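The values are calculated or read from the model by the stated rules, or taken from the named source; none is laboratory data. This structure is a prediction, so every number in the text was calculated from the model and none was measured. Every residue, glycine as well, gets a Cβ built from its backbone with ideal geometry; the counts of neighbours run over all protein chains shown. Heavy atoms of the whole protein, side chains included, go into the accessibility calculation; ligands, DNA and RNA do not. Shrake-Rupley method; radii C 1.70, N 1.55, O 1.52, S 1.80 Å.
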Amino acid sequence: MNPRKRAACGYGMTGMTTESQTARPGRAALDFPVVGMHCAACASRIEKALADTPGVTSAGVNFATARATVKYDPAATGPEALRDAVREQGYDVVLPAADQSPGADPDQAAADAQAAEYRQLRTRFVVAAVLTIPVLVLAMAGHVVPALRYTFDFPARPWIELALTTPVLFWAGRDILLGAWVAARHRAADMNTLVAIGTLAAYLYSLAATLFPQWFHSVHGTGGVYYEVAASIVALILLGNLLQARATTRARGAIRALIGLRPKTARVERDGREIDVPVDDVGVGDVVLVRPGEKVPVDGVVIDGASNLDESMLTGEPLPVPKKAGDTVIGGTLNQTGAFHFRATRVGADTVLQQIVRLVQQAQGSKAPIQRLADRIAGVFVPVVLCLAVVTFVVWFDLSPPEMRLSQAIYTSVAVLIIACPCALGLATPTAILVGTGRGAQAGILIKGGEALELAHRVTTVVLDKTGTVTEGKPTVTDVRKSGEVAEAELLRLAASVERGSEHPLAAAVVRAAEERGLALSRPERFDSVPGHGIEAVIDGRKVLVGNARLQRDRGLAAEESLAERLSAEGKTPIFVAVDGKPAGVLAVADRPKVEAPGAVSRIKRLGIKVVLLTGDTGRTANAVAKAVGIDRVVADVLPRDKAEVVQKLQAEGDLVAMVGDGVNDAPALARADVGIAMGGGTDVAIESADVVLVRGDLNGVPAAIRLSRATMRTVRQNLFFAFAYNVLGIPIAAGVLYPFTGWLLSPILASAAMALSSVSVVTNALRLRGFDPARAV
């Protein structure tokens, strides 16, 4: 079995399951929002605290989505203990309320908490900006306009700057200081540590220079203050956090769009009358009325009426889908024409829409292997930066002129601390995965995790199961060839009248073809089955023989062997028909390739990927289908239990394999493959075994998923390059390596602005994926 962890979550047109519902005894999973994170190091520390909690088997925290995913033993721990572990680190979580109704939106409390946090952050930034602007004017006006130097150089200036800066640092920036303190208590360091040390160093130096100006003049030759540095850094950090929060909120747009599809009310039959009730109050078994232009509130089965539904939110397919009595309807889809009643079968968190939301959230909260590398680097980055800042301080203190040594040392070391904050590094991967998986969901491609998203872009071979994946999955009459006096329509009618009593799949195809053509079938007057060969019957007084060539030869009739050979070479199964002791013709039955299959195979090939057809059918049939759709390599006559071995052999040849299937017998191969792709109309077992689910069941989703993976990983690499390059270039400049050549030092104010800009740039780059069209022709 492939050692990769798989999300035990799946989607099918008949339903969907989450891990929490299918969890084995002694195992549970919880996904919850985390409030108060400011950098990847925050996420890393929370993740470690959760992982160290007794009873937790695995924990992951995603900075971009601000969510934690924990697997644990309910007998050893619970949600409250997990919440306490996070709170001990100085953060908070939003757990589902114990009395929350089954239909309630489980993320509303989290959304409310995040909105409140955003409003609070905005207020603090506004206050910080209002107070910082006059500090900057007082400190910098004389340098910008030399004529004003003496105007702003008055004794009370440091005291005014002190009064304005103190609330900026200790009120607007209190979360930064508290975060640094909590991290220090746990012997850790994060972005807050860097900013807190830098701003406090500038503030305390300036405070000392304000309180004891004579001592600083006599010892250091200067009494300059740097209040504007401390205030500006806090204001810019808050601005960066604000912009980052807005950008990541946009990145979560796919989830919000899905949740927004759920209507607020439903018209339900209660006590003999129809009333409007909140959708959360709809129960299983309720009869619901949907009128034209309304959305279907929950999942169910039509019991009365007919209409056309827009299911594009689910499948990405714009064409309306006709619905009649007995058909399934999905909550969130739009009713276009007629009114109908349906009986609710799934409500609340069990609806397909809510399950898709859960699936996308789990995917967005998962980590790709490349992100783990970035997380490890971010985890050790802060201590390294602290050491570099100390070295910078010592070097400048030793080499600077006596009258400037302390101020220059503080100035440069603060710039190093501020510019090195690893926010961009921590956001590089998760934001791209966040947007990529959301874009996939909008296109009907459900990707279950960051690992699958990353692996898909390296796929070298795609293995396609034949039946139900490349073909339609049901036998169909493709040819009606008469060879006697009986007309083709009558030939088909007689054969279907005979076959209506048989349970063989080919017989069902013949009956279905006759019914589709409006032919009136007759009841057999006599019916004799010849096992393994065919059927003899009397229809409307005529003796009809339907079966294979051997049955005809046994009855002394000349079978049309040449026609049968031609049909078999095309992957079709010939059915011979004789009427009144004479050969009457041949019907051909085949599982026809899907209309989109040739184009999809061509697109996969244009991506530089090999395609293999895998089937349990005979080589002749398989080769005919492969030829029709453009596949060059065929592996046929494979037993269901051996499909996984075929995938393993391809992997042993050095290929990274994606397996595409839809049946129960495909599940082992889907699990064995590096990337398992399930067709949305397939069985739940196959879907749960897969990493990617194609909701529409359209084979074009395979190249689309691979293209989306490539685009996402390209964005990840761009983000990581930018983040690494930013720090590699920024830290030496902040440390002053250009000073001997240019006499220029990087201001801590500019360093903080650059740090904020880098984080926003990474998120903005990831947001470009929202406009990517995975279905566009390669």
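Worth a mention:
- Compactness of segment 628-769, expressed as Rg and Dmax over alpha-carbon positions, Å: 24.2, 77
- Sequence-distant residues sharing a close amide H with Ser58 (under 5 Å, placed H): Lys71
- Partners for Lys649 among lysines (Cα-Cα distance below 27 Å; same-chain residues under 8 apart left out): Lys5, Lys448, Lys466, Lys605, Lys610, Lys627
- Distance between the modelled labels on Arg770 and Arg27, one decimal in nanometres: 3.7 nm (7 Å Cα→Cβ projection).
- Distance between the 7 Å Cα→Cβ label points at Glu516 and Val390: 7.8 nm.
- Between Thr328 and Glu269, residue separation times 0.36 nm minus the direct Cα-Cα distance comes to 19.3 nm.
- Counting heavy atoms of the protein chains alone, Tyr411 has an accessible area of about 50 Å² for a 1.4 Å probe.
- Across the protein chains, with a 1.4 Å probe defining accessible surface, the residues Phe772, Phe170 rank Phe170, Phe772 from largest area downward.
- You can think of it this way: the chain between Val35 and Arg633 has 210.0 nm of extra reach, that is 0.36 nm per residue less the Cα-Cα gap.
- A viscosity of 0.890 mPa s and a temperature of 25 °C, combined with the Kirkwood radius over Cα pairs in Stokes-Einstein, give a translational diffusion coefficient for segment 473-590 of 178 µm²/s.
- When Met140, Met679 are compared by accessible surface with a 1.4 Å probe, the order from highest to lowest is Met140, Met679.
- Spatial offset of segment 576-594 relative to segment 480-530 amounts to 9 Å, using the alpha carbon center of each.
- Ranked by solvent-accessible area (1.4 Å probe, protein heavy atoms only, all chains present), the residues Leu204, Leu567 order from largest to smallest as Leu204, Leu567.
- Compared with the direct C-alpha span, the chain from Arg187 to Thr742 gains 195.9 nm at full extension, assuming 0.36 nm per residue.
- Surface accessible to a 1.4 Å probe, Glu311 within the full protein complex, Å²: 10
- Glu561 versus Asp92: modelled label distance in nm, points set 7 Å from Cα along the beta carbon direction: 8.6
- For His341, solvent-accessible area (1.4 Å; no DNA, RNA or ligand), Å²: 40
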